Structures are given as C-alpha cells and as structure tokens.
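What follows draws every value from the coordinates through simple rules; no lab data is involved. Not measured: the values here are computed from a predicted model. Note: ideal-geometry Cβ built from the backbone for every residue, glycine included; neighbour counts use all protein chains shown.
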Amino acid sequence: MLHHYSVGVYINAGSRQATLATTGAATMLRLILTRGTAGQSKAALAEEIESMGARISSETDREISSFNINCFKGDVSRAVSILGDAMSNINFDAAELEIAKQE
C-alpha cells in the first residue's frame, strides 16, 4: 500500500497582518512562489512535481500562507528540496509578476 505524505511550509503572513500599503502582499507571495525559482522555470517545476506523482498547493488565509506538496514516501526529501528552493530562490520574473497581478 502506498502512503501519501504532506510536506509544508507555513509563513505567518495573511490578511490579518496586512496594512493598507501591504494589502494583497501575502497572496502575491503565494502566487509567485509557485511560478518557478531563480534556477528552475515554472514548466520545469511543474514537470518535476508531475514526475513524482505529487501535487503542490498553496493557500493564504487570515493568519498564514501555506505551501504544501503531497507526495509518496520515497519523494519526501525531493519535496523538501523543492519547497526549500522555492522559499530561498524566489523568481521575480517581470512577466510572471504581471500574470500574478492579473490573478
């Protein structure tokens, strides 16, 4: 029997912490973090997740923003690596920022 595991990163950034000047910043961060990294394009990231049979999800609510990868036991270390890369090497590509703004 195959078991699924969830690897996640939770950031204390949600609508509760927003000011008038920073409204929407947590949501924008969530959208950007799933669009690739400085060393890996959005397409390459999606392909890697798909090749693992995993799912990546993100959510922003009142208190926190979360980023999760649901994967098989054998891929937990890859999932940790992917999330670590996303958190450490955010891709601030101008075109992707514009797309995220429209969302």
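Couple of notes before you dig in:
- Computed over the stretch 4-102, the ratio Rg/Rh where both radii use C-alpha atoms and Rh is Kirkwood: 0.98
- Fewest-first ordering of Ile49, Ile90 by other beta carbons within 10 Å of each residue's beta carbon gives Ile90, Ile49.
- In order along the stretch 11-27, the phi-based Karplus estimate (6.51 cos²θ - 1.76 cosθ + 1.60, θ = phi - 60°) of 3J(HN,Hα) comes to 10, 6, 9, x, 5, 4, 7, 6, 10, 4, 6, 10, 4, x, 5, 5, 5 Hz; Gly and Pro are listed as x.
- With θ taken as phi - 60° and the Karplus curve 6.51 cos²θ - 1.76 cosθ + 1.60 applied, the whole-hertz 3J(HN,Hα) list for the stretch 85-97 is 5, 4, 6, 8, 10, 4, 9, 9, 5, 4, 5, 5, 4 Hz, x standing for glycine and proline.
- Between Gln102 and Phe72, the simple label model (points 7 Å from Cα in the Cβ direction) yields a spacing of 3.7 nm.
- FRET efficiency for Asp85 and Thr23, using Cβ-Cβ distance with R0 set to 41 Å, rounded to 0.05: 0.90
- About the Cα centre, charge dipole magnitude for the chain (Lys/Arg +1, Asp/Glu -1 at Cβ), debye: 240 debye
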